[in-house]
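Take a look at the structure below.
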């Protein structure tokens, strides 16, 4: 740690390298979406401690923004700022809970850090990185914020290192960092080599089915964007703890109904197919999440469900719904019951998101 408490872990020592033409990249900015699980079934408990799952996820327009710059020091420094302000989140979640809910580590516990190390080694990059994170995705919410940020780091460092965005080794790195990380890279290109691979662009998708422990991906057709209301209570849930309390069903629910519903684009059909097998264990662990779901139902929000392992819950609304009115009623009800929550309206988007690159006019010849 440095004097400011920021992470200063060294990058892999691979000798002094003179930067090549890819060093013209001086800054990379990536906007990273959150995700929601419309469907999540447990298929089996694995010997490695994970579970085989079958899930359908959609990216949504709740974004973190990550700004990456190369640094002459050989360290990784991550600075996280809650947006629009730290005080705004304290007011939303309550001062008693805010300190723990808003804490984001800046050392090797942060998936951004791990993603930078692994991708730097792949690209044989020496030197360090300064990363500024504008944080909007709640932590410990089941919305994939940490995983999305890690995927952004992989994409950014790949740009600095001149690694093709279609290089399948990026998906391998992503899967090693976390089960949800590959999802945020988008659909993996086909296993092709040579010059042909360089002409392939990563497919942009609006929904994805994930199997295995979440790293085996296949795009799902989504007829039109979905509109949703997301509520994050003033409590986070541990993914490991929720999974440790879950029960694998003797007969699993088939994902086919959800896939067909998404292809239809009808919220009513999608709502009928929605399910999350982790809900039971999450509600046993958290009375707050249980109360939040009950309040959402009572306030007339349709098709309410937990996302991932929680603690955030969402409502899939109709196109004609007055979302602002529903959110206002929910906020009033939660306040009346002395509950704090961060409530937002979102819609589904495509991934991967655009990446913004700033280039220097001259080559940098200095060893770093």
(request) Give the peptides 93-103, 172-182 in descending order of average Cβ contacts within 10 Å, highest first. (result) 172-182, 93-103
(request) Based solely on C-alpha atoms, express the radius of gyration and the Dmax of the chain in angstrom. (result) 20.9, 64
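So how do 215-222, 344-351 stack up, highest first, on mean other-Cβ count within 10 Å?
344-351, 215-222
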(message) Counting other beta carbons within 10 Å of each residue's own, what order do 129, 356 fall into, fewest first?
(response) 356, 129
(request) Grab the Cα-Cα distance for residue 332 and residue 250, subtract it from 0.36 nm times how many residues apart they are, and report the gain in nm with one decimal. (result) 25.4 nm
(request) Let me see the pair-distance distribution of the stretch 269-368: every alpha carbon pair, 5 Å bin width, integer percents in order. (result) 2, 10, 18, 18, 15, 10, 5, 4, 3, 4, 6, 5, 1
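Kindly provide the helix-only [θ] at 222 nm of the chain, computed as the sum of -39,500 (n - 2.57) over DSSP H runs of four or more divided by all residues, to the nearest 500 deg cm²/dmol? Provide the component values of the computation, followed by the final result.
On the way: 13 runs with 119 residues, N = 368.
Value at 222 nm, helices only: -9000 deg cm²/dmol.
Given N residues in the stretch 231-322, what is its alpha carbon radius of gyration divided by 2.2 N^0.38 Å?
1.14
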(request) Kindly express, to the nearest 10 degrees and within the range 0 to 90, the angle between helix 111-123's C-alpha long axis and the longest C-alpha principal axis of the chain. (result) 40
(request) Return a whole-number percent for the relative contact order of the chain, with Cα pairs under 8 Å and 6 or more residues apart as the contact set. (result) 26
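Restricting to the chain, what percent of DSSP beta bridges are antiparallel, rounded to 5?
Numbers: 56 of 65 bridges.
The antiparallel proportion sits near 85 percent.
Since every read-out is calculated from the coordinates, none of them should be taken as a lab result. Model, not experiment: these values are computed from the prediction. Neighbour counts are summed over all protein chains in view; Cβ atoms, including those assigned to glycine, are modelled from backbone coordinates with ideal geometry.
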